[in-house]
Each structure stands twice: as structure tokens, then as C-alpha cells.
Amino acid sequence: MKRTVRSIIVFTLVLVLGLMLVGCGTQGKNDTELDKKSEGNTDEPKKLVISIWGYNEDKLRENVFEPFEKANNVEIVLEVGNNADRLNKIRMNKNSEVDLIFLAHSYAMQGVKEGLFEKINRENIPNIDKIYDIAKAPLGEDYGPAYTINRTGIVYDAAAVDKPIKSWADLWREDLKNSVAIPEINTTSGPVMVIAAADKIGVSLKDDYRAAFEELKKIKPNLVKTYARSSELVNMFAQGEVTVGVAMDFAYDSIKKAVPTARWVDPEEGSFANLNVVNVVKGTDNKELAEKFIDWLLSEEVQKANALDKIDSPVNVNVELTEEEARGLAYGKDLINSLQPVDWGYINSVKSEWIDIWNKEILQ
Amino acid sequence: MKKNVYVYLLLLPGLIILLLFLAAPLFSTVFRTFQGNEGLTLAKYIAFFKDSYNRGVYIRTLKLALLTTLIAVILGFPTSYYISRLSRRARGLYIIFAVFPLLTSPVVRSFSWMVILGKNGILNSILLKLNLIEEPLRLLYNEFSIVIGLVYLFLPLMIMSLVGVMENIDEDLIEAAESLGATRREVFIRVIFPLSIPGLIVGSVLVFTGSITAYTTPQLLGGSNTTVLATLIYQNAMSLFDWDTASVVATIMILTTVFVTFLINKLSSRLNA
């Protein structure tokens, strides 16, 4: 009996090890087969793997991916997910196939800090000269540009709120009791509430963020909920749970469809800017192709098409839109210049304390 | 004897997969939480529980999960008994109905509860029309709505576990008890209930585990002051990339689940005695 049990254990171990070896072996074999294929047959399209959110995939395919595939004999493969998931993926798996990654500014900064991105050669991306200065090098000259800007402002239902909302400070107004939704601190637009609170009482965030949180505490009677996804906010407006919300501009169109009396406000102090940036992932075999793709993404043609479909606000200064076409987008020099930048480098460095205070003071 | 050994061989495929893909990663998650600068330590756990905020979140999560389990037992038991006594055909149909909530995504489910429980929702409109209340009740974004969402989500697991056991209770046993003079109530308490306990254990463990680890439902239906353990894990892992703290919270969840499972087992063996 003992012996059989022992032999079973040995057998298991051998099997597990064997399976691992077989796994590695076949992978190696596949690689060489692929290599041979690409050497022998030049018509075989190259593969470009892009890590992106997954919103509006159909329209992006039509406007961006398909034309690029045809022009360059490339097959574009998407990996979709939220910022954190996708950043984690390339961090955990240094041999991942991902060539290009789209991220919000704060997450991209994290990626730069950890050395996950390839340095780009700006000469291969001439269209960078045609975009707004704010978008050219948000992560420094070595890394990728922003291809779109969105902004965080305020949406309110004009039929339910008597006095128009004009500034960030209005969110603290007494007549808005139990009617406001703000984003969760760990979302892209979350930290702007802390900045707005600091502005309201005129303190510098870096000197005294605790004072800002004290001020933010006073907004609690007005809060219905802190939300984690834009779809939640849209739903809360649709169900009449809230009449005021701090929102990113791309959510406005959906809110307006649900509540026709909803209005977008760029507060007097300025809406907050968020840049979505695109970077080449370290270890890619397709660096030049990836840079070519970035150039294509910044071209007037793509930027205009995406703007017309209301997917992304254009950063290319040559894109011209009518007033109707620009509704809901961060468009035009004046507006772009009015936006308040967010210092993500600083926020990332204090985020862990901020989340702690937020949990204990704002959520309790 | 020999035969028995070959039976063990049948365990191998499952065992290998579990070892490779479950036990190994789980071990590495749990192990790192005990690692300190000098050998093994409980420091991270002490730090976690020293914080009164964390204790509050822990107690809230436990409370919500236990409440959900209790309600699922109370609602699930009679339903399962009814289903288990139906003809084979009708049983299949009812089970499909019971499992229906599991077929949609948690996001859709939660959004539909917002439509029902909201300020202008179905429930409030009815109550207002009947003049039972003067202004809408706050039913959403609190612990009440989380429990409702969780019960709705996990009740099918309770029902499935109970029906599986109850349909195997021999009709003859019930008849025998009745012929010996037991009233219906006595039959239920002394025959049906004890025989259903294995299903009750499985169902309770499934519902409890599901509720204590739930993330989406508390996130969507909960309000500002209803943070649960899963939210803490998400914050630490996904926004702070602090895998150590996330692992600590995860280990606390695992240990709690194991402990409660143990308690449920103990409790039911006492009931059975």
C-alpha cells in the first residue's frame, strides 16, 4: 500500500513536470514555425497588438484600425480592459505581445515610472507638430503623446435645479441637499474634487491637502453617492436619483438622452483636463510600425472622423468642426486653454494617503 | 485493497489542476502576508485590525453576508421543498425559473434593482399612490439595498443545493411518520428538516462565500458609507498597486469563510443530533 501511494506521488510529480516541459516545448516550436512563416512569405500580414479600453470598438475599427491595416499590410489585434487591468498585464508579463497601449494620463505616468514603455523617436511621428502643446509630451519628450483630451466638469438638470450652477463651489450649496453624485477617488476624475475643495478655500493643495479634505467633508449632506463608472451616473440621472453630477464630458451625451433638460457646465474656475496617451510597450518587435500607427492616430483624417462620431475630442489643431459637431467635445483653442491641468505626478505620490482619508472621512 | 489504489488514480487529473492553478497561487498570496523583515510575522494583520475603520468594514461585511445567508435560508427552504415535491417535469421548469437571476450580468441585475427601489422607482410609486407614505423612502444606496441585491443574486444557489437533497427524501419515510401518528408539523421538524441539513450546509456555505466576496453588487447598490472588504481589495490592488495589503484582506476573507463554514458544520451536526 505504502509503496503504491509513493509511486502515485512520484507519478504525479513527473506528470506535472512533464506537462510544464511539454508546455514550454510546444511554445518554442510554435515560435520558430511562426518565424519561418514570416520569413518565407512576405505577404503574410504583420500583427500589431493594441491594448485599449474597448469602448466604441466598431467605430474605431472603421475610422482607425481598418484603414491602417489595409495601408500597411497589418493585422490589428485588440486587448481590452480598464486602465488598471491592462497596466497590470504588461507589468506582470514582460513578454506580453502588446505593442501599443492606450492609457489615461495618471496610469501612463505610473507605467513610465516603472519603465514599461519604449522611448519613441519623434521624427517618425511628424503629426505631433500639429497637435496642441498640452498634448505633445505629457510624459516628457521620450514618451508617447496624448491623442485626445477629455474634461471633468458638472452636469445638472436645469428643470430640477432653480439657480444655475456656475462654479465648483456651487456644489456645496444648501439647496442641493441629497442631489449630487461625485466620482470615487480612485477613478480618473476622482481626485478633482479634492482640488476643487482646495481652490474653494484658497489653499495650496501641496501645502495642506488635509484642509481640502476638511472642506470636502462639508459637501456630504449633498451627496447621494460616489460613483465608480460613468454608466452609474447616467443611470442615476435617468432614475431621478441625482440632479447634479461631476462628470467626464463623454458621459454628457448619454445623460442628455435620458434627461433632455440636462446641461453641461464648464465651471468658472475651469474644467479639469484629462489626457489619454498612447505609448509603445517595452520589448515590442514592431516599434516603427507602432510609431507609424501613432502618427496615423494623430492625423487630421482620423481625429476628424473620431470627433464626428463623438468618440474622442480632437487634439489636432487643423480639425475644424461646426458648433453642432463639437457639442459634448473638448474642442477649440479657447476651451483647451481654459482647462485646469491635473498634477498626476503629485497625486500618484499621495494617492494612498488620499484614499485612506477619503474612506474614513468622506465615505463614513 | 488494490482496487482502492486505482480509485485514487482517478483523482489525479483534478488534483493536478487544483495544485497547479489553485493551491500554488493561493499559497503565494497567503504566504507573502506573513513575511516580515525578520522571518514570519503577524504584523500586517495587527496593523490592519488596529485601524478602527478597517474593523468597521470587516464587521459590516460579515454582517451583510450572514444576514444574506439567513434570509436565503428562510426564503429558500419552503421554495425548495415545494419544488422537490413536484413532478419531474415541473421541477425542471421551476428550477430554470429559480436559476434565472444567475443568467444575467451583475451590472444589469443591479441596475434593474435601481429601477425598482429608486426615488421614482416602482416600489415608491406604488406606496405613494396607495397613500401609505408621503414622500419617497430612501431604499437605495444603503445596506438594505445591498442585502436585497445579494439575496436575489445568491438565492438560486441555496435553492439548487436544497432541491438536490430534498428530492431524494423518500416519500415512504413521510408516509411512515404520518401513519405512526406524526402531525404534519412533526413530520417536517423530525423527518424532513434533519434530512435536508446536508443541502442546507452546502447552500449556506455557497451563499455566505458569495456574499462576503461580492464586489459589484455592493458597489452599485451600496451608498457612500457601505464600503465592504472587496472594495478595499479593489482599491489596494487596482488603484494603489499595493498587492501586499490586498493579499492581507484576501487572506482575512479566506480565513473568515473557513471559520464560518466550520461553524455552520458544527451547528448543523448539533441540530442533527
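Across segment A:115-148, which residue is surrounded by the fewest Cβ atoms within 10 Å (Cβ to Cβ) among those that are outside any loop (DSSP other than H, G, I, E, B) and free of Cβ contacts under 8 Å to residues at least 60 places away in the same chain? I'd like the intermediate steps shown before the answer.
In the first step, residues of segment A:115-148 are kept if they are outside any loop (DSSP other than H, G, I, E, B); the result is A:117, A:122-124, A:126-131, A:133-136, A:146-148.
Cutting the leftovers down to free of Cβ contacts under 8 Å to residues at least 60 places away in the same chain gives us A:122-123, A:129, A:133, A:136.
On the way: A:122: 15, A:123: 8, A:129: 10, A:133: 10, A:136: 16.
Among residues in segment A:115-148 that are outside any loop (DSSP other than H, G, I, E, B) and free of Cβ contacts under 8 Å to residues at least 60 places away in the same chain, the one surrounded by the fewest Cβ atoms within 10 Å (Cβ to Cβ) is A:123.
When you look at residue A:259, is it closer than 28 Å to residue A:222 by Cα and either of a type outside the set (Ser, Thr, Tyr) or at pLDDT 95 or above (or both), yes or no? Outline the logic, then answer.
Working: closer than 28 Å to residue A:222 by Cα: yes; either of a type outside the set (Ser, Thr, Tyr) or at pLDDT 95 or above (or both): yes.
Answer is yes for this residue.
Select, from A:251, A:197, A:290, the only residue that is surrounded by 19 or more Cβ atoms within 10 Å (Cβ to Cβ), of a type in the set (Gly, Ala, Ser), more than 21 Å from residue A:354 (Cβ to Cβ) and in contact with an Asp or Glu (Cβ under 6 Å, 6 or more places away or on another chain). Break it down stepwise before answering.
Numbers: A:251 fails: in contact with an Asp or Glu (Cβ under 6 Å, 6 or more places away or on another chain); A:197 fails: more than 21 Å from residue A:354 (Cβ to Cβ).
Being surrounded by 19 or more Cβ atoms within 10 Å (Cβ to Cβ), of a type in the set (Gly, Ala, Ser), more than 21 Å from residue A:354 (Cβ to Cβ) and in contact with an Asp or Glu (Cβ under 6 Å, 6 or more places away or on another chain) holds for just one of A:251, A:197, A:290, which is A:290.
Collect the residues in segment A:58-87 that are in a helix (DSSP H, G or I) and buried (at least 17 other Cβ atoms within 10 Å of the Cβ), keeping them in residue-number order.
Of the residues in segment A:58-87, the ones in a helix (DSSP H, G or I) are A:58-72, A:83-87.
Those that are in a helix (DSSP H, G or I) and buried (at least 17 other Cβ atoms within 10 Å of the Cβ): A:60, A:63, A:64, A:65, A:68, A:83, A:84, A:86, A:87.
Restricting attention to segment A:192-200, does a residue exist that is touching a Lys or Arg at 6+ places or on another chain (Cβ under 9 Å), closer than 30 Å to residue A:327 by Cβ, in the same structural domain as residue A:357 (by TED's automatic domain parsing) and among the basic types (Lys, Arg)?
no
Which is surrounded by fewer than 21 Cβ atoms within 10 Å (Cβ to Cβ) and farther than 25 Å from residue A:343 by Cα, of A:202, A:240? Steps first, answer last, please.
Values: A:202 fails: farther than 25 Å from residue A:343 by Cα.
Criteria check complete, one pass: A:240.
In the list B:100, B:77, B:21, which residue meets the criterion of being at pLDDT 90 or above and either more than 13 Å from chain A (Cβ to nearest Cβ) or open to solvent by less than 60 Å² (accessible area, probe 1.4 Å) (or both)? Outline the logic, then answer.
On the way: B:100 fails: at pLDDT 90 or above; B:21 fails: either more than 13 Å from chain A (Cβ to nearest Cβ) or open to solvent by less than 60 Å² (accessible area, probe 1.4 Å) (or both).
B:77 is the lone residue from the list that is at pLDDT 90 or above and either more than 13 Å from chain A (Cβ to nearest Cβ) or open to solvent by less than 60 Å² (accessible area, probe 1.4 Å) (or both).
Could you check segment B:202-257 and list, in sequence order, the residues that are at the interface with chain A (Cβ under 10 Å from one of its Cβ atoms) and among the small types (Gly, Ala, Ser)?
B:222, B:223, B:224, B:237, B:239, listed by residue number.
Tell me, which helices (runs of 4 or more DSSP H) lie completely within segment A:248-364 with 3 or more residues that are in contact with a Cys (Cβ under 9 Å, 6 or more places away or on another chain) and of a type in the set (S, T, N, Q)?
So the answer is none; nothing clears 3.
Could you figure out which of (1) exposed (fewer than 10 other Cβ atoms within 10 Å of the Cβ); (2) more than 28 Å from residue B:225 (Cα to Cα) isn't true of residue B:30?
Of the numbered conditions (1) exposed (fewer than 10 other Cβ atoms within 10 Å of the Cβ); (2) more than 28 Å from residue B:225 (Cα to Cα), the odd one out for residue B:30 is (1).
Among helices (runs of 4 or more DSSP H) lying entirely in segment B:19-99, which contain 1 or more residues that are over 24 Å from residue B:244 (Cα atoms)? Break it down stepwise before answering.
Working: elements: B:24-33, B:43-50, B:52-84, B:88-99.
Qualifying helices (runs of 4 or more DSSP H): B:52-84, B:88-99.
Residue check: is residue B:173 within 14 Å of chain A (Cβ to nearest Cβ) and in contact (Cβ under 8 Å) with a residue 12 or more places away in the chain?
Details: within 14 Å of chain A (Cβ to nearest Cβ): no; in contact (Cβ under 8 Å) with a residue 12 or more places away in the chain: yes.
Against the criterion (within 14 Å of chain A (Cβ to nearest Cβ) and in contact (Cβ under 8 Å) with a residue 12 or more places away in the chain), residue B:173 does not qualify.
Pick out the one residue from B:135, B:171 that is modelled with pLDDT under 90, acidic (Asp, Glu) and more than 28 Å from residue B:225 (Cβ to Cβ).
Numbers: B:135 fails: more than 28 Å from residue B:225 (Cβ to Cβ).
Just a single option satisfies the conditions, and that option is B:171.
Using the structure shown, decide if residue B:165 is in contact with a Gly (Cβ under 9 Å, 6 or more places away or on another chain) and at negative phi. Lay out the reasoning, then the answer.
Values: in contact with a Gly (Cβ under 9 Å, 6 or more places away or on another chain): yes; at negative phi: yes.
The answer is yes for residue B:165.
For a quick check of your reading of the model, give me the residue pairs whose first member lies in segment B:44-56 and is more than 13 Å from chain A (Cβ to nearest Cβ) and in contact (Cβ under 8 Å) with a residue 12 or more places away in the chain, whose second is among the aliphatic types (A, V, I, L, M) and surrounded by 15 or more Cβ atoms within 10 Å (Cβ to Cβ), with beta-carbon atoms closer than 8 Å and at least 6 apart or on different chains.
Partner pairs satisfying both residue conditions: B:44/B:248; B:45/B:248; B:45/B:252.
The values are calculated or read from the model by the stated rules, or taken from the named source; none is laboratory data. Only a predicted model underlies this, so the values are computations on that prediction, with no experimental measurement involved. Every residue, glycine as well, gets a Cβ built from its backbone with ideal geometry; the counts of neighbours run over all protein chains shown. Accessible surface is based on the protein model in full, side chains and every heavy atom, while ligands, DNA and RNA are left aside. Shrake-Rupley method; radii C 1.70, N 1.55, O 1.52, S 1.80 Å.
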